[in-house]
Amino acid sequence: MLEAQRAAFLADLPVPLALRRDRLRRAVLMIDKNADALCAALAADQANQDADSARLTEVAPALAALRASMAGVGRWMRADHARGLWARLGGGRDYIEFLPIGVIGILAPASLPLLQTATILASALAAGNRVALKFDAASPELARLVGGLLPAFFDPLELAVVPDGDFVEQSFDLLVTSEPREGDGVT
(Lines give C-alpha, C1' and ligand atoms only; values in the text may rest on other atoms or scores of the structure.)
Protein backbone atom coordinates (compact mmCIF):
# COMPACT_ATOMS: atom_id res chain seq x y z
CA MET A 1 0.00 0.00 0.00
CA LEU A 2 2.78 2.44 0.93
CA GLU A 3 4.54 2.17 -2.42
CA ALA A 4 1.25 2.52 -4.31
CA GLN A 5 0.43 5.66 -2.32
CA ARG A 6 3.91 7.06 -2.98
CA ALA A 7 3.62 6.38 -6.72
CA ALA A 8 0.20 8.09 -6.83
CA PHE A 9 1.62 11.04 -4.89
CA LEU A 10 4.51 11.48 -7.33
CA ALA A 11 2.19 11.15 -10.34
CA ASP A 12 -0.06 13.97 -9.05
CA LEU A 13 2.64 16.56 -8.37
CA PRO A 14 2.15 19.46 -8.04
CA VAL A 15 -0.92 18.98 -5.85
CA PRO A 16 -3.37 21.77 -6.77
CA LEU A 17 -5.29 23.83 -4.25
CA ALA A 18 -8.64 22.51 -5.50
CA LEU A 19 -7.61 18.90 -4.79
CA ARG A 20 -6.33 19.77 -1.31
CA ARG A 21 -9.59 21.55 -0.47
CA ASP A 22 -11.60 18.67 -1.91
CA ARG A 23 -9.81 16.14 0.31
CA LEU A 24 -10.40 18.30 3.36
CA ARG A 25 -14.05 18.76 2.36
CA ARG A 26 -14.49 14.99 2.07
CA ALA A 27 -12.94 14.47 5.52
CA VAL A 28 -15.37 17.02 6.98
CA LEU A 29 -18.27 15.36 5.17
CA MET A 30 -17.30 11.90 6.44
CA ILE A 31 -17.14 13.03 10.07
CA ASP A 32 -20.21 15.29 9.85
CA LYS A 33 -22.46 12.68 8.20
CA ASN A 34 -21.36 9.97 10.63
CA ALA A 35 -21.06 12.00 13.83
CA ASP A 36 -23.55 9.86 15.78
CA ALA A 37 -21.83 6.60 14.84
CA LEU A 38 -18.42 8.09 15.64
CA CYS A 39 -19.66 9.25 19.04
CA ALA A 40 -21.02 5.79 19.76
CA ALA A 41 -17.73 4.16 18.73
CA LEU A 42 -15.73 6.57 20.88
CA ALA A 43 -18.01 5.89 23.86
CA ALA A 44 -17.66 2.14 23.35
CA ASP A 45 -13.86 2.40 23.27
CA GLN A 46 -13.54 4.74 26.25
CA ALA A 47 -15.13 3.53 29.47
CA ASN A 48 -15.15 7.05 30.94
CA GLN A 49 -16.79 8.75 27.95
CA ASP A 50 -20.38 8.87 26.73
CA ALA A 51 -21.63 9.85 23.29
CA ASP A 52 -22.48 13.43 24.31
CA SER A 53 -19.04 14.11 25.76
CA ALA A 54 -17.44 12.48 22.69
CA ARG A 55 -19.31 14.96 20.49
CA LEU A 56 -18.08 17.91 22.57
CA THR A 57 -14.49 16.82 23.13
CA GLU A 58 -13.67 15.06 19.86
CA VAL A 59 -16.15 15.34 17.01
CA ALA A 60 -16.87 19.09 17.11
CA PRO A 61 -13.20 20.11 17.55
CA ALA A 62 -12.13 17.65 14.82
CA LEU A 63 -14.57 19.27 12.40
CA ALA A 64 -13.34 22.72 13.42
CA ALA A 65 -9.71 21.74 12.74
CA LEU A 66 -10.54 20.35 9.30
CA ARG A 67 -12.65 23.39 8.39
CA ALA A 68 -9.92 25.77 9.54
CA SER A 69 -7.42 23.96 7.33
CA MET A 70 -9.82 24.13 4.39
CA ALA A 71 -10.13 27.89 4.88
CA GLY A 72 -6.40 28.50 5.32
CA VAL A 73 -4.80 26.14 2.82
CA GLY A 74 -4.73 28.66 -0.03
CA ARG A 75 -2.86 31.16 2.11
CA TRP A 76 -0.48 28.47 3.45
CA MET A 77 0.46 27.34 -0.06
CA ARG A 78 1.76 30.76 -1.12
CA ALA A 79 5.50 31.19 -1.27
CA ASP A 80 7.04 33.46 1.36
CA HIS A 81 9.41 36.12 0.11
CA ALA A 82 12.71 36.18 1.94
CA ARG A 83 15.79 38.35 2.09
CA GLY A 84 18.45 35.66 1.89
CA LEU A 85 22.03 35.77 0.70
CA TRP A 86 21.09 35.67 -2.99
CA ALA A 87 18.87 38.75 -2.64
CA ARG A 88 21.49 40.60 -0.57
CA LEU A 89 24.11 40.03 -3.25
CA GLY A 90 21.81 41.61 -5.83
CA GLY A 91 20.95 38.34 -7.57
CA GLY A 92 17.21 38.72 -7.31
CA ARG A 93 14.50 37.77 -4.86
CA ASP A 94 14.59 34.74 -2.63
CA TYR A 95 11.50 32.85 -1.63
CA ILE A 96 10.48 29.85 0.43
CA GLU A 97 8.16 27.42 -1.32
CA PHE A 98 6.13 24.96 0.76
CA LEU A 99 5.86 21.52 -0.85
CA PRO A 100 4.24 18.23 0.21
CA ILE A 101 6.64 15.49 1.26
CA GLY A 102 4.81 12.31 0.26
CA VAL A 103 3.14 9.67 2.41
CA ILE A 104 2.50 10.46 6.06
CA GLY A 105 2.01 7.62 8.52
CA ILE A 106 -0.25 8.59 11.41
CA LEU A 107 -0.28 6.28 14.42
CA ALA A 108 -3.39 7.49 16.25
CA PRO A 109 -2.98 7.93 19.99
CA ALA A 110 -5.18 6.21 22.56
CA SER A 111 -6.33 9.47 24.18
CA LEU A 112 -8.66 11.66 22.13
CA PRO A 113 -8.04 9.48 19.07
CA LEU A 114 -10.48 11.17 16.68
CA LEU A 115 -9.55 14.73 17.60
CA GLN A 116 -5.79 14.21 17.51
CA THR A 117 -5.95 12.17 14.32
CA ALA A 118 -8.19 14.72 12.56
CA THR A 119 -5.88 17.56 13.57
CA ILE A 120 -2.83 15.81 12.12
CA LEU A 121 -4.84 14.66 9.10
CA ALA A 122 -5.97 18.24 8.43
CA SER A 123 -2.37 19.40 8.23
CA ALA A 124 -1.26 16.45 6.10
CA LEU A 125 -4.09 16.82 3.57
CA ALA A 126 -3.73 20.61 3.43
CA ALA A 127 -0.05 20.15 2.64
CA GLY A 128 -0.94 17.85 -0.28
CA ASN A 129 0.28 14.58 1.21
CA ARG A 130 -1.15 11.06 1.16
CA VAL A 131 -1.92 9.39 4.51
CA ALA A 132 -1.80 5.91 5.97
CA LEU A 133 -3.55 5.70 9.32
CA LYS A 134 -3.38 3.14 12.11
CA PHE A 135 -5.47 3.38 15.25
CA ASP A 136 -4.26 2.37 18.69
CA ALA A 137 -5.39 -1.00 20.04
CA ALA A 138 -7.40 0.91 22.67
CA SER A 139 -9.74 2.19 19.92
CA PRO A 140 -10.99 -0.95 18.12
CA GLU A 141 -14.54 0.33 17.49
CA LEU A 142 -13.31 3.65 16.11
CA ALA A 143 -10.77 1.86 13.89
CA ARG A 144 -13.43 -0.51 12.56
CA LEU A 145 -15.89 2.30 11.88
CA VAL A 146 -13.41 4.67 10.21
CA GLY A 147 -11.95 1.80 8.20
CA GLY A 148 -15.44 1.01 6.92
CA LEU A 149 -16.33 4.65 6.18
CA LEU A 150 -13.17 5.73 4.36
CA PRO A 151 -13.74 3.85 1.07
CA ALA A 152 -16.97 5.81 0.50
CA PHE A 153 -15.10 9.12 0.76
CA PHE A 154 -11.46 8.48 -0.23
CA ASP A 155 -9.48 6.42 -2.67
CA PRO A 156 -7.17 4.19 -0.60
CA LEU A 157 -4.26 5.79 -2.46
CA GLU A 158 -5.23 9.12 -0.82
CA LEU A 159 -6.13 7.99 2.69
CA ALA A 160 -6.31 4.49 4.10
CA VAL A 161 -6.58 2.75 7.44
CA VAL A 162 -3.83 0.18 7.65
CA PRO A 163 -4.65 -3.14 9.32
CA ASP A 164 -2.52 -4.57 12.08
CA GLY A 165 1.09 -5.11 11.20
CA ASP A 166 4.48 -3.53 11.66
CA PHE A 167 3.27 -0.01 10.91
CA VAL A 168 6.11 1.96 12.52
CA GLU A 169 8.76 0.02 10.60
CA GLN A 170 7.39 1.16 7.22
CA SER A 171 9.41 3.71 5.25
CA PHE A 172 6.99 6.64 5.48
CA ASP A 173 8.19 10.05 4.40
CA LEU A 174 7.04 11.19 7.84
CA LEU A 175 5.71 9.13 10.74
CA VAL A 176 3.61 10.94 13.32
CA THR A 177 3.23 9.02 16.57
CA SER A 178 2.97 9.69 20.26
CA GLU A 179 5.54 6.97 20.93
CA PRO A 180 9.11 8.22 21.48
CA ARG A 181 11.48 6.80 18.86
CA GLU A 182 15.03 7.32 17.72
CA GLY A 183 15.80 8.56 14.22
CA ASP A 184 14.82 11.15 11.66
CA GLY A 185 11.38 11.61 10.24
CA VAL A 186 9.49 10.68 13.41
CA THR A 187 7.44 13.28 15.21
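The values are calculated or read from the model by the stated rules, or taken from the named source; none is laboratory data. Keep in mind that what you see is a predicted model, and the values were worked out from it rather than measured. FYI the Cβ positions are ideal-geometry reconstructions off the backbone, even for glycines, and counts take in every protein chain you see. Just so you know, the surface numbers come from the protein's heavy atoms only, side chains and all, with ligands and any DNA or RNA stripped out. Shrake-Rupley method; radii C 1.70, N 1.55, O 1.52, S 1.80 Å.
For the reader, a short list of remarks on this structure follows.
- Cα-based helix-to-principal-axis angle, 2-11 vs the chain, degrees rounded to 10: 40 degrees
- Computed over the range 47-132, the P(r) tail beyond 22 angstrom holds 46 percent of alpha carbon pairs.
- As a ratio to 2.2 N^0.38 Å, the alpha-carbon radius of gyration for the range 34-187 is 1.23.
- Net length available on complete extension from Glu97 to Asp50 is 12.5 nm, with 0.36 nm assigned per residue and the Cα-Cα distance removed.
- Computed from the Cβ-Cβ distance with R0 of 30 Å, the FRET efficiency linking Ala110 to Asp22 stands at 0.45.
- Percent carbon-and-sulfur accessible area, the chain, ignoring ligands, DNA and RNA, probe 1.4 Å: 58 percent
- Accessible heavy-atom area order of Phe167, Phe172, highest first, probe of 1.4 Å: Phe172, Phe167
- A cut-off of 5 Å between modelled amide H atoms, ignoring neighbours fewer than 5 places along the same chain, links Val161 with Leu133.
- Max mean-square fluctuation residue, GNM over the chain, Cα-Cα springs under 10 Å, options Ala110, Ala82, Ala62: Ala82
- Most to least accessible of Arg144, Arg6, Arg130, Arg25 (protein chains only, probe 1.4 Å): Arg144, Arg25, Arg6, Arg130
- Extension gain for Asp36 to Ala68 (0.36 nm times residue separation, less C-alpha to C-alpha distance): 9.3 nm.
- Net length available on complete extension from Ala152 to Glu169 is 3.3 nm, with 0.36 nm assigned per residue and the Cα-Cα distance removed.
- For the chain, the solvent-accessible area of protein heavy atoms averages 52 Å² per residue (probe radius 1.4 Å; ligands and nucleic acids excluded).
- Estimated 222 nm signal from helices in the chain, with DSSP H stretches of n ≥ 4 weighted -39500 (n - 2.57), rounded to 500: -15000 deg cm²/dmol
- Distance cut-off 23 Å, percentage of C-alpha pairs in the range 1-94 lying past it: 54 percent
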